[in-house]
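First up is the structure itself, then whatever we jot down about it.
The values are calculated or read from the model by the stated rules, or taken from the named source; none is laboratory data. No experiment lies behind these values; they were computed from the predicted model shown. Because the Cβ atoms are built from the backbone with ideal geometry, glycine has one as well, and the counts that use them run over all protein chains shown. Protein only, heavy atoms only, side chains kept; ligands, DNA and RNA dropped before computing areas. Shrake-Rupley method; radii C 1.70, N 1.55, O 1.52, S 1.80 Å.
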Amino acid sequence: MAASTTLCCPCSERHITKPSEYWCSECEEAICNDCQEHHRVFKATRIHELIPIDKYKSLPSFITDIQQSCTNHNEKYQHYCVAHALPICFKCIKEHQRCNVIPLDEVTSNAKTSGQLQDLETRLVDLIQNIDRIKKDRQANLESIGKRKELHLAEIQQRRNQINKHLDKLENEIKQDLEKKEGQCKKSIQSILSSVEEKKNFITEYQTNLQSIKQHASDLQTFLVMRDIEVKVFENEQYLQSLVETKTLDPVDLTCNVDPGVFSILNSLKTFGAIEIAKKSSSIRLIREKDKQAQLQVTPTKTIDDLKLILQKTITTGGENIRGCCMSVIGEFFFTDYNLRKRLNVIASDGKFKFDMLLDPSYGYDITIINEKTIAITSGYSREHIGIDIIDIESRKKIKFISLPDRPWGITRDQDSLFVCVERRGIYRVNTLDYTTSHLISCNLSVLTYISVFAEKIYYTDWSNHTVDCCDRNGSSVWRFKKESVLRNPRGITVDKEGNVFLVGQHSSNVVIISNDGKHHRQILTKEQGLSEPSAIFFDKQTGKLLLANTRKNAFLYSVT
């Protein structure tokens, strides 16, 4: 601080000790209650602003440390150099002869009510709000990382269990085969052992009889018996010889030939997998009240009557019954060929055919992009496969099936959620992090419905009632559009960056745009302009491009201006 705030400065100069009660910012002195009365009546100081000393002490040091007198000349600041943005005293003017110097009170008067101070206050509020939004977003990211970790741990454990189960099955099979082959070997050897043991018993008996004959039989008896025994001996010799010649006595052994795939697992499988940190574009947009006001003042109001579609290219879809379409972040085009063909057709950004994929048993009705690797497709009218297929577009395989209580039709994505129209039930939400489902809005939806989501609002069509509804996420109606002379049997629906709604009329063969408040509409493409059998529509908010598909063969990419 510039001076002591404990004691009264004027009294201290007179060697009187009195506690201070006030502070004069102009004089940069603390004064007592008696001196403040004189301070208020002196002509030189009567306009000075006094504040209680306690409030002055509560000011932060970076304010109280500000010098209000020139440090070079020890004189009061009286002027302000605009070029150097510095307060200066009378003697400093010589150093600023070429600068734009103005009286100090011109820049300090009404400082507390100036627009600059108000702007600073607004910017500080904006900073706090933006920091709070960033904190909330990062906290949500922390929570999602935790959930994602648990999901991956569960997936790793599941894969490990599957591997263990498969190896256990193979181990049991080879053990059973080992037991079986051992039994076969034992049975064969035991059969030979039994046979030769029986032969041995006969021969042992002949040996005993022969010794008895030698001792007690006559020569004639001996001669005659020898012939019989010789026949039996010859038969047994022949039997043993046959065992050798037929290789019946060849040793048998058990060998185990381990499948090379087992060694491949040990030698080639170096890791269970890889964990990568994937970054996505942040949805955080910093808010500045000043920018919003400037935008309101400068940006001209653009109505749906000002919007124009400029055809960029025609795309051959190769489909027979296209019902859903969308675009990837790299500009690839996706189309569902519904019912009979049950296929997903993928066209590269240059318009060349890339690949197609069979969706059976799903009928493949509507489609939406989840991220750069996965898409979601509803099953439509399929009776045995009712739900959503999650497809990996790199491996071209179904990786997840989400069952639903009734037939799903239109589908869209907003951040980490899928929104899907379920016949007779209403609108369901699916969390794309763990694929859990929740019933968001209950209503009696008809078949062939489509859905789009934008800025906390949900838009969906009703094919049979010729209506388009806009509601909040609690299901409360915001507006409804029904005008059969303009829009009959609405199909595809999409929303642009301003909240304007684009709709495909199947039987009216047109594309209608409805303003974001639902009060105005306009036919932007019609049958008279050559439009034929439109079925699906998609607006890419990143590029501002509109993709429109007709039922057969072709789709059209427009820029919206």
Yeah, segment 136-233 with a ≥ b ≥ c from its alpha-carbon gyration tensor (a/c under 1.5 is rounded, else prolate when a/b outruns b/c, oblate otherwise) is prolate
Could you tell me which trypsin sites (Lys or Arg not before Pro) in segment 335-405 are loop residues by DSSP with no more than 10 other beta carbons within 10 angstrom of their beta carbon?
-> Lys352, Arg383
How much accessible surface does Ser477 have with a 1.4 Å probe, in Å² rounded to 10?
-> 90
Of (1) 14, 27, 16, 19, 12, 6, 3, 2, 0; (2) 16, 31, 11, 7, 8, 9, 8, 7, 3, 1, 0; (3) 21, 55, 23, 1, the label for P(r) over Cα pairs in 20 Å bins from 0, in percent derived from the coordinates | (1)
Leaving out ligands, DNA and RNA, what percent of the accessible area of the chain is carbon and sulfur, probe 1.4 Å?
-> 51
Could you run the Karplus curve 6.51 cos²θ - 1.76 cosθ + 1.60 with θ = phi - 60° over segment 15-23 and give me ³J(HN,Hα) per residue in whole Hz, x for Gly and Pro?
-> 6, 10, 9, 9, x, 7, 10, 9, 10
Under 1.5 on a/c is rounded, so check that first for segment 514-561, then, if it is not, pick prolate when a/b is larger than b/c and oblate when it is not; a ≥ b ≥ c are the square roots of the alpha carbon gyration tensor eigenvalues.
-> oblate
From phi via Karplus (6.51, -1.76, 1.60), per-residue ³J(HN,Hα) for segment 453-463 in Hz, x at Gly/Pro = 10, 7, 6, 6, 10, 10, 10, 8, 9, 10, 4
If you keep only loop residues by DSSP, which GluC sites (Glu not before Pro) in segment 63-172 have at most 16 other Cβ atoms within 10 Å of their Cβ?
-> Glu75
How much solvent-accessible surface does Phe334 expose, in Å² to the nearest 10, with a 1.4 Å probe and all protein chains in place?
-> 0
Considering only protein heavy atoms, with the full assembly of protein chains and a 1.4 angstrom probe, order Phe454, Phe272 by accessible area, largest first.
-> Phe272, Phe454
Would you pull out the residues with amide H under 5 Å of Leu86's amide H, same chain only if 5 or more places away, H placed 1.01 Å from N?
-> Cys81
Subset of Lys308/Lys497; Lys308/Lys519; Lys308/Lys354; Lys43/Lys94 violating a 25 Å alpha-carbon distance limit = Lys308/Lys354; Lys43/Lys94
Residue-wise HN-Hα coupling along segment 68-82, computed from phi with Karplus coefficients 6.51, -1.76, 1.60 (Hz; x: Gly, Pro) = 9, 10, 5, 6, 7, 10, 6, 10, 5, 5, 10, 10, 9, 8, 5
How would Ser58, Ser395 rank on accessible area, largest to smallest, probe 1.4 Å?
-> Ser58, Ser395
With every protein chain in place, the accessible area of Arg227 for a 1.4 Å probe, in Å² rounded to the nearest 10, comes to 150
Dipole magnitude of the chain about its Cα centre (Cβ charges: Lys, Arg +1; Asp, Glu -1), debye to nearest 20 = 1640
